[in-house]
Amino acid sequence: MKKVLITGASGFLGYNLCHDLGEVYRIFTTHHKTKAPATAAGSIQWDMTGSFKPLDNWISANHIDVVIHCAALSKPGLCSADPQLAHIMNVDATRELGLIAAKHKITMIFVSTDLVYNSGAGPHKEDEADPYLLYSETKFDAEMKLFTVYPSSIVLRSGLMYGSYHGSSGSFLHENDKSLTRCEHIKLFIDQYRSPVWSRDIANAVHRIISMGLKSQIYNIGGSTRINRYDLGMMAADVFNWDQNKILPVPMDTITKDAAFLKDCSLDSARLEKETGWKATSLADSLKVVASEWATLQ
């Protein structure tokens, strides 16, 4: 059984990957302040702004076969507020981790973002990246630095994610659910289009990439439905029994000055589908599974 290291395992995607990949791999994790899932075979506390030597030694000692790098400063607002920290955590840390992976000749999979696409109509292909936000610039720069130090790496540019487990941060579904449970109104964009993707489908793609030994590629990974945030919220409301009257449709430019650059981040995942046989679960079906599992976990 291969040993897989998931960085940022206490975050939303990392936490879900620990659960979804745990049956086929022996999972190891890094965490910062919040402890990783108890299912991990081993975990190390890792400060992305500090020394990488302890992590390097730990990877070697545990004979890690695969690194899935999810850890990041992922809130765009926090990145804009502290550009230096964003660069250290998102760019420098990815480069350093790539050097470690290259040194040990292990598979490296880096999770990037659909926000690297900011211009033109989607669904976007992988060669259409044009980052605008500081956050998306750091993720794109990280991709390029990673390929420089370890050309065999894989980059997954993920769409808007959702899943069953919250982790320390949760997904947009968790945020909406918390607000609506408190009887608060939420404002959702009518003019931003994304390709929402189930975390379990991401795990499926990761498993295929590892099993097939794929290298040196960038893949978009998004769901099959291109949808705006308001319609997505209304669709989720039907499944999670939210009060639809509390969901308010708003144009992006009433909320953010960056609206013109973020209106269509939808993804064309044809490359991933063609090269791995991966196929996204329908949005309707996956939301129903998530709702069912939420009810079981509560």
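Data overview
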quantity: Distance between modelled label sites at residue 216 and residue 60, nm, 7 Å Cα→Cβ extension; calculated: 2.7 nm
quantity: Enclosed volume per residue, in Å³, of the convex hull spanned by Cα atoms of the chain; calculated: 123 Å³
quantity: Kirkwood Rh, angstrom, the stretch 67-116 [1 / mean 1/r, Cα pairs]; calculated: 11.7 Å
quantity: Environment charge of residue 143, counting only residues whose C-beta is closer than 12 Å and scoring Lys/Arg +1, Asp/Glu -1; calculated: +1
quantity: Residue-span extension gain [residue 246 to residue 191] - 0.36 nm each, minus C-alpha spacing; calculated: 17.9 nm
quantity: In Hz, Karplus ³J(HN,Hα) per residue of the stretch 195-201 (6.51, -1.76, 1.60; θ = phi - 60°; x = Gly, Pro); calculated: 10, x, 10, 6, 4, 5, 6
quantity: The stretch 148-163 - phi-based ³J(HN,Hα) in whole Hz, Karplus 6.51/-1.76/1.60, Gly and Pro as x; calculated: 5, 8, 8, x, 7, 5, 10, 10, 10, 8, 8, x, 4, 9, 8, x
quantity: All-pairs alpha carbon distance profile, the stretch 53-180, 5 Å steps from 0, percent; calculated: 2, 10, 18, 19, 19, 17, 10, 4, 2, 0
quantity: For the stretch 63-74, Karplus couplings with θ = phi - 60° (6.51, -1.76, 1.60), whole Hz, Gly/Pro x; calculated: 6, 5, 9, 9, 10, 10, 9, 9, 4, 5, 8, 9
quantity: Considering only the stretch 150-249, percent of DSSP beta bridges that pair antiparallel, nearest 5; calculated: 15 percent
quantity: Kirkwood Rh (inverse of mean 1/r, distinct Cα pairs), the stretch 229-268, angstrom; calculated: 11.7 Å
quantity: Charge dipole (the chain, unit charges on Cβ, about Cα centre) - positive-most of 54, 245, 222; calculated: 54
quantity: DSSP bridge orientation in the chain - percent antiparallel, rounded to nearest 5; calculated: 5 percent
quantity: The stretch 149-290: translational diffusion in µm²/s, Stokes-Einstein, Kirkwood Rh over Cα pairs, 10 °C, 1.306 mPa s; calculated: 97 µm²/s
quantity: Net charge dipole size for the chain [Lys, Arg +1 and Asp, Glu -1 on Cβ; Debye, nearest 20]; calculated: 700 debye
quantity: Built amide H within the under 5 Å cut-off of residue 188, gap 5+; calculated: 248, 250
quantity: Unit charges at the beta carbon, dipole of the stretch 182-278: most positive-side option, 211, 189, 255; calculated: 211
quantity: Accessible surface, per residue, of the chain when the full set of protein chains is kept, probe 1.4 Å, Å²; calculated: 44 Å²
quantity: Choice from 161, 108, 212 with maximal GNM fluctuation in the chain (Cα, 10 Å cutoff); calculated: 212
quantity: Cut-off under 5 Å, modelled amide H: who pairs with residue 67 long-range; calculated: 5, 107, 108, 109
quantity: With every protein chain in place, the stretch 41-163: carbon and sulfur % of accessible area (1.4 Å); calculated: 53 percent
quantity: Whole-Å semi-axes of the stretch 30-114's equivalent ellipsoid (Cα gyration tensor); calculated: 22, 15, 12
quantity: Coordinate range along principal axes, alpha carbons of the stretch 235-298, Å, largest first; calculated: 40, 35, 17
quantity: Accessible carbon and sulfur surface of the stretch 200-293 relative to its total accessible area, %, 1.4 Å; calculated: 48 percent
quantity: 5 angstrom amide H check on residue 112, placed H, neighbours 5+ away; calculated: 156, 157, 158
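The values are calculated or read from the model by the stated rules, or taken from the named source; none is laboratory data. Computed from a predicted structure; not experimentally measured. Cβ: placed from backbone, ideal geometry, glycine included. Neighbour counts: every protein chain shown. The area values use the complete protein model at the heavy-atom level, side chains included, leaving out ligands, DNA and RNA. Shrake-Rupley method; radii C 1.70, N 1.55, O 1.52, S 1.80 Å.
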